[in-house]
1. Cα centroids of segment A:1-31 and segment B:26-83: how far apart, whole angstrom?
2. Calculate the mean, over all residues of peptide B:44-51, of how many other protein chain Cβ atoms lie within 10 angstrom of the residue's Cβ.
3. What accessible area per residue, rounded to a whole number of Å², is obtained for chain B using a probe radius of 1.4 Å?
4. Report the relative contact order of segment B:19-84, percent, no decimals, based on alpha-carbon pairs under 8 angstrom and at least 6 residues apart.
5. Around B:TYR31, what is the net charge, scoring Lys/Arg as +1 and Asp/Glu as -1 over all other residues with Cβ under 14 Å from its Cβ?
6. What whole-number value in cubic angstrom gives the convex hull volume per residue for the C-alpha atoms of the protein assembly as shown?
7. Can you list the equivalent-ellipsoid semi-axes of segment B:1-64, largest first and in whole Å, using the square root of 5 times each Cα gyration tensor eigenvalue?
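The values are calculated or read from the model by the stated rules, or taken from the named source; none is laboratory data. Note that the structure is predicted; figures quoted are calculated from it, not measured. Neighbour counts run over all protein chains shown; Cβ positions are idealised from the backbone, glycine included. Just so you know, the surface numbers come from the protein's heavy atoms only, side chains and all, with ligands and any DNA or RNA stripped out. Shrake-Rupley method; radii C 1.70, N 1.55, O 1.52, S 1.80 Å.
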Number of protein chains: 2
Amino acid sequence: MYKVKVYVTLRESVLDPQGTAVQHSLNSLSYTEISDVRIGKYMELTIEKSDRNVNEVVKEVCEKLLVNTVIEDYRYDVEEVVAQ
Amino acid sequence: MYKVKVYVTLRESVLDPQGTAVQHSLNSLSYTEISDVRIGKYMELTIEKSDRNVNEVVKEVCEKLLVNTVIEDYRYDVEEVVAQ
């Protein structure tokens, strides 16, 4: 069994209005040292062992369903979990 | 300047209907080895140096604005960026 952590972020060149709104809120709460906020998604997938390679499965599902590769980048970590 | 990465996840005991919906979609796209999906948030904050400690600032903003601590957990990494 694998635990896969997927981090999805907007590409640098894409505006992030949600992040800007959060930054303004923080600034108005007196946290003026916060100069930028970018908001992304974080997903944890549990993948059982199969005859497909786990890296291939993760890349396929990210590109088909989880990530809009036109405006988003992603990276992931795979961790193997040994059943106790 | 610090780059802070904040990961927000639903607590284990809290149902995640969005994750369940994604899992069913993936299973119906023939990725049947995916047995669980949990969806969280990922935020990147840029924080300028100030007289407040960066860890205190991050904890305060997480608990005041970014995280609903009743149903969510968070963790964060702080990375110092040296201007070139």
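1. 9
2. On the way: counts 10, 12, 7, 7, 5, 1, 4, 1.
If you average over the peptide's residues, the count of other-chain Cβ atoms is 6.
3. Values: 4910 Å² over 84 residues.
Solvent-accessible surface per residue comes out at 58 Å².
4. Working: 22 pairs, mean separation 12.6, N = 66.
That works out to 19 percent.
5. -3
6. Residue-normalised Cα hull volume stands at 144 Å³.
7. Values: eigenvalues 252, 33, 10 Å².
For segment B:1-64, the ellipsoid semi-axes come out as 35, 13, 7 Å.
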